[in-house]
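Remarks on the structure that follows.
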Amino acid sequence: MNETSNKKKKKKKGGFMGYIFGGRFFGSEIFLNNALLLGMIVLYAFIYVSNRYAFQQELREIEHLKKVRLDLRYDLLTRQSEFSDKSRQSNIEKYIKENNSELKTATQPPYSID
């Protein structure tokens with residue numbers, strides 16, 4: 001009787017946490033019967049985490065590219081306005097005068113050949 005009470009005390013001493021962390025759980029029949037299911041759950045969890053990480057990386061890249069696109073658009077608008085300013089007739093005539101070119105503004109209006 002003394003030996004059976006000692007065995008019960010040893011079992012109770014570890015408790016549930018001792019059963020899990022002591023490694024006895026991995027040798028139990030419940031674990032062995034459901035090992036495939038637990039393996040699949042772990043695999044799916046790993047796939048879920050990796051997909052979420054990849055998705056977050058893609059979102060960061062999209063946000064970065066949106067900012068770059070906006071900067072390029074503003075740069076394009078700036079260049080277009082500079083080109084428009086430089087290509088005005090008054091600015092071209094001023095540039096020709098400053099560089100002492102022999103070009104002159106036409107005094108006759110353009111005409112079409114029929």
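The values are calculated or read from the model by the stated rules, or taken from the named source; none is laboratory data. Predicted model, so just to flag it, every value in this text is computed and none were measured. All Cβ positions, even for glycine, are placed from backbone atoms using ideal geometry, and neighbour counts span all protein chains on display.
Quick grid of which residues meet (1) aromatic (Phe, Trp, Tyr); (2) assigned to a helix (DSSP H, G or I); (3) modelled with pLDDT under 85; (4) surrounded by 10 or more Cβ atoms within 10 Å (Cβ to Cβ):
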| position | (1), (2), (3), (4) |
| --- | --- |
| 9 | no, yes, yes, no |
| 48 | yes, yes, no, yes |
| 64 | no, yes, no, yes |
| 80 | no, yes, no, yes |
| 108 | no, no, no, no |
Notebook entry, point to check: In the stretch 82-106, which residue that is among the polar types (S, T, N, Q) and within 47 Å of the chain's Cα centre (by Cα) is modelled with the highest pLDDT?
Noted result: 84
Next item on the list: Output the residue which, of all residues in the stretch 11-22 that are surrounded by 10 or more Cβ atoms within 10 Å (Cβ to Cβ) and not hydrophobic (A, V, I, L, M, F, W, C), is modelled with the highest pLDDT.
Entry: 15
Next item on the list: Looking only at the stretch 32-40, decide whether some residue is exposed (fewer than 10 other Cβ atoms within 10 Å of the Cβ), among the aliphatic types (A, V, I, L, M) and at negative phi.
Entry: yes
